[in-house]
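Trainee: This is the structure, below, for whatever I ask next.
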Amino acid sequence: MSDTNAPVPAFRPATVAVNAGRPPVEPDAPMNVPVTLTSTYVAGGELEYGRFGNPTWTAFEEVLGQLEGGRCLSFASGLAAVGTVLDLVGQGQAVVAARHSYNGTVMQLADLEARGRIAAKLVDLTDTDEVVRACEGAALVWLESPTNPALEVADIPTIRDAAHAAGAYLVVDNTFATPVLQRPLELGADLVVHSATKYIAGHSDVLMGAVVTNDDELHGVLKGRRDLLGAIPGPFEAFLALRGLRTLHVRMERAQANAQELVRRLREHPAVEEVRYPGFGAIISIVLAQGALAADLLTHKTRLWVHATSLGGVESTFERRRRWKSEPATIPDALVRMSVGIEDVDDLWEDLVRALDTLG
Ligand SMILES: Cc1ncc(COP(=O)(O)O)c(C=O)c1O
């Protein structure tokens with residue numbers, strides 16, 4: 001006879017992605033959480049007003065929170081989430097950040113520093129000793145791993161020890177890895193940030209951000225900042241992001257397999273001087289042997305690969321990153337960041353190689 005008091009085993013992450021955050025299973029209940037379009041609620045409950053909460057956000061937050069191992073708050077965009085976290089830093093305190101973090105994050109840090117709000121220390125993520133030394137006296141340590149678009153990987157446990165010894169919060173932007181490949185809270189981070197615009201939503205049709213923490217006090221502070229500053233997502237955006245999140249595991253599995261195969265083939269191609277790939281995930285950065293002009297040509301000569309910024313959608317996109325003035329000069333001029341989608345890998349390769357071959 002089965003023991004009805006035995007603990008119910010927790011579902012594995014791919015099951016959580018599909019199953020969590022759904023309405024209770026009962027006759028005629030909808031399978032999916034509805035898009036709750038309302039700016040206000042009948043008084044007397046916990047929500048009261050649309051800036052304070054929305055059932056469609058809650059469902060999304062439930063799923064991403066469980067996948068990352070903490071409590072999630074959704075935001076209007078990735079940068080809204082970044083800004084709300086950086087706002088935790090007190091007046092004049094120091095923030096250590098990876099020099100090659102997403103350039104919007106670096107621009108926020110520069111803006112805060114220029115206004116005398118914080119002191120920013122930008123470090124080379126590949127030099128763990130440098131990062132550890134910089135942690136002394138810091139209030140917050142900001143890692144992005146892998147970085148966009150240099151694809152550098154941080155030694156999170158070592159940096160966590162240094163950050164916590166200094167009394168600093170450790171934040172990891174997990175946009176590139178997603179909780180499928182890396183769970184920073186389990187590695188000791190205090191906060192995880194996402195541009196949910198990318199893999200979490202996964203279909204290039206929505207902008208959204210998220211912060212996850214397993215520290216209830218931090219969650220309360222950040223929720224208070226979101227209530228007050230109002231960087232909230234729309235309910236329809238939350239619905240789309242949740243719908244995307246349901247298939248995160250299969251999308252990541254396929255996109256990563258495609259990326260690994262393309263890396264193997266790109267390494268053999270004479271037009272490609274360097275292939276940067278951390279060994280996991282679905283972003284590849286290549287440096288073209290013939291320079292920036294060849295990189296620009298490549299991005300205009302394909303039929304399938306779309307020349308576009310952003311990443312993490314089901315479709316493959318690419319761009320020369322230095323076409324953006326804000327990208328630092330330490331990123332090679334001829335670097336093309338490739339976001340590998342879930343198409344047939346042979347179609348992706350044939351399209352790419354046809355364009356690469358014309359570069360000579
Ligand atoms: C790693 C990373 N973090 C944050 C962001 C900002 O997110 P959003 O564009 O959703 O504001 C991006 C956007 O490209 C990103 O790549």
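Trainee: Kindly indicate whether ALA231 is at negative phi, surrounded by fewer than 24 Cβ atoms within 10 Å (Cβ to Cβ) and within 14 Å of the ligand (Cβ to nearest atom).
Mentor: When the stated conditions are applied, ALA231 passes them.
Trainee: Mind checking which helices (runs of 4 or more DSSP H) fall wholly inside segment 242-360 and carry at least 2 residues that are more than 26 Å from VAL153 (Cα to Cα) and modelled with pLDDT of 95 or more?
Mentor: 292-300, 345-357
Trainee: Hey, could you check segment 300-324 for residues that are buried (at least 16 other Cβ atoms within 10 Å of the Cβ) and basic (Lys, Arg) and say which is farthest from the ligand (Cβ to nearest atom)?
Mentor: In this case the residue turns out to be LYS301.
Trainee: Take the residues in segment 190-203 that are touching an Asp or Glu at 6+ places or on another chain (Cβ under 7 Å) and more than 10 Å from the ligand (Cβ to nearest atom); name whichever of them is farthest from VAL180 (Cα to Cα).
Mentor: The extreme case among them is ASP190.
Trainee: Quick check: anything in segment 243-251 within 14 Å of the ligand (Cβ to nearest atom) and either within 17 Å of the chain's Cα centre (by Cα) or surrounded by fewer than 17 Cβ atoms within 10 Å (Cβ to Cβ) (or both)?
Mentor: Taking every residue of segment 243-251 in turn, at least one turns out to be within 14 Å of the ligand (Cβ to nearest atom) and either within 17 Å of the chain's Cα centre (by Cα) or surrounded by fewer than 17 Cβ atoms within 10 Å (Cβ to Cβ) (or both).
The rows are residues; the columns are (1) acidic (Asp, Glu); (2) at pLDDT 95 or above; (3) away from the ligand (no atom under 15 Å from the Cβ).
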| site | (1), (2), (3) |
| --- | --- |
| ALA150 | no, yes, no |
| ASP155 | yes, yes, yes |
| ALA165 | no, yes, yes |
| ASN174 | no, yes, no |
| ALA177 | no, yes, no |
| LEU185 | no, yes, yes |
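Trainee: Can you pull out the residues in segment 274-299 that are among the charged types (D, E, K, R) and surrounded by 15 or more Cβ atoms within 10 Å (Cβ to Cβ)?
Mentor: Within segment 274-299, ARG276, ASP296 qualify.
Trainee: Shifting gears a bit: Among the candidates PHE60, PHE52, single out the residue that is touching a strand residue (DSSP E or B) at 6+ places or on another chain (Cβ under 8 Å), aromatic (Phe, Trp, Tyr) and over 23 Å from ALA150 (Cα atoms).
Mentor: Result of the check over PHE60, PHE52: PHE60.
The values are calculated or read from the model by the stated rules, or taken from the named source; none is laboratory data. In this text, all values refer to a predicted model and were calculated from it rather than measured experimentally. All Cβ positions, even for glycine, are placed from backbone atoms using ideal geometry, and neighbour counts span all protein chains on display.
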